[in-house]
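The values are calculated or read from the model by the stated rules, or taken from the named source; none is laboratory data. In this text, all values refer to a predicted model and were calculated from it rather than measured experimentally. A quick note on method: Cβ atoms are made from the backbone with ideal geometry, for glycine too, and the neighbour counts reach across all protein chains shown. Each accessible area value is taken on the protein alone, full model and side chains, heavy atoms only, with ligands, DNA and RNA left out. Shrake-Rupley method; radii C 1.70, N 1.55, O 1.52, S 1.80 Å.
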Amino acid sequence: MTAQIDGPGVVEPATLRDVLGHFASGVVVVTAAGPDGPLGFTCQSFASLSLDPPLVSFAPSRTSSTWPRIRDVGAFCVNVLAADQQHLSAGFARSGVDKFAGVGWQPGPHRAPVLDGACAWIGCTLWHEYDGGDHTIVAGRVRDLAADASRTPLLFHRGRYGLATGAEEDR
Ligand SMILES: Cc1cc2nc3c(=O)[nH]c(=O)nc-3n(C[C@H](O)[C@H](O)[C@H](O)COP(=O)(O)O)c2cc1C
């Protein structure tokens with residue numbers, strides 16, 4: 001494996017995205033009960049953070065129009081998407097539309113939407129937010145959670161859903 005050096009300390013955004021894309025992850029939708037209706041956005045930067053206290057983290061972009069509204073609510077639900085929910089991932093990634101049109105969900109903790117068919121959900125209250133460059137790093141304190149072991153998770157790898165194999169071009 002050859003290192004892609006773009007010069008001392010200079011990392012081209014395309015190289016960063018390409019190499020970091022080799023880290024395969026699941027996909028979540030962070031939801032909340034906003035004052036004017038349900039809120040949600042797709043997120044890949046989700047991770048478990050701490051066992052005691054029970055914390056998880058994710059990183060919303062500073063350009064997100066949904067995260068500031070969820071922040072104001074102060075409580076949210078992280079929905080881990082299942083392999084057959086690629087359409088939800090795409091739908092909740094579109095800005096400025098009614099993301100919940102035609103989406104099945106039940107009110108969870110703090111009335112935050114729990115999406116029908118998700119692999120797992122994690123109900124949280126906002127713990128803290130940290131500077132993350134062009135994103136912020138959110139820590140959520142886990143208050144309630146559940147999983148459905150019969151569901152297979154949706155994966156995201158090298159810019160596409162599922163596991164990219166071999167040398168096929170990255171998107
Ligand atoms: C697979 C996938 C993963 C994403 N991961 C993130 C992420 O980790 N952080 C983020 O801010 N946006 C992420 N996005 C983009 C947001 O979902 C999108 O910018 C956001 O939903 C825009 O809507 P908003 O303006 O309502 O916030 C991801 C999109 C997709 C399709």
Counted residues, region 130-161 - those being touching a residue at least 24 places away in the same chain (Cβ under 8 Å) and either of a type in the set (S, T, N, Q) or within 13 Å of the ligand (Cβ to nearest atom) (or both): 15
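Each row is one residue, and each column tells you yes or no for (1) small (G, A, S); (2) assigned to a loop (DSSP other than H, G, I, E, B); (3) modelled with pLDDT under 95.
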residue	(1), (2), (3)
I70	no, no, no
C77	no, no, no
G96	yes, yes, yes
G102	yes, yes, no
Q106	no, no, no
G123	yes, no, no
R143	no, no, no
F156	no, no, no
L163	no, yes, yes
Residue tally, condition more than 15 Å from the chain's Cα centre (by Cα), among the aliphatic types (A, V, I, L, M) and open to solvent by 30 Å² or more (accessible area, probe 1.4 Å), over region 33-76: 2
Selection count, region 77-113, where residues are over 17 Å from the mean Cα position of the chain (by Cα), surrounded by fewer than 18 Cβ atoms within 10 Å (Cβ to Cβ) and within 26 Å of R143 (Cα to Cα): 5
Those strands (runs of 3 or more DSSP E) lying entirely in region 23-68 with at least 1 residues within 8 Å of the ligand (Cβ to nearest atom) and touching a residue at least 40 places away in the same chain (Cβ under 8 Å): 37-43, 55-58
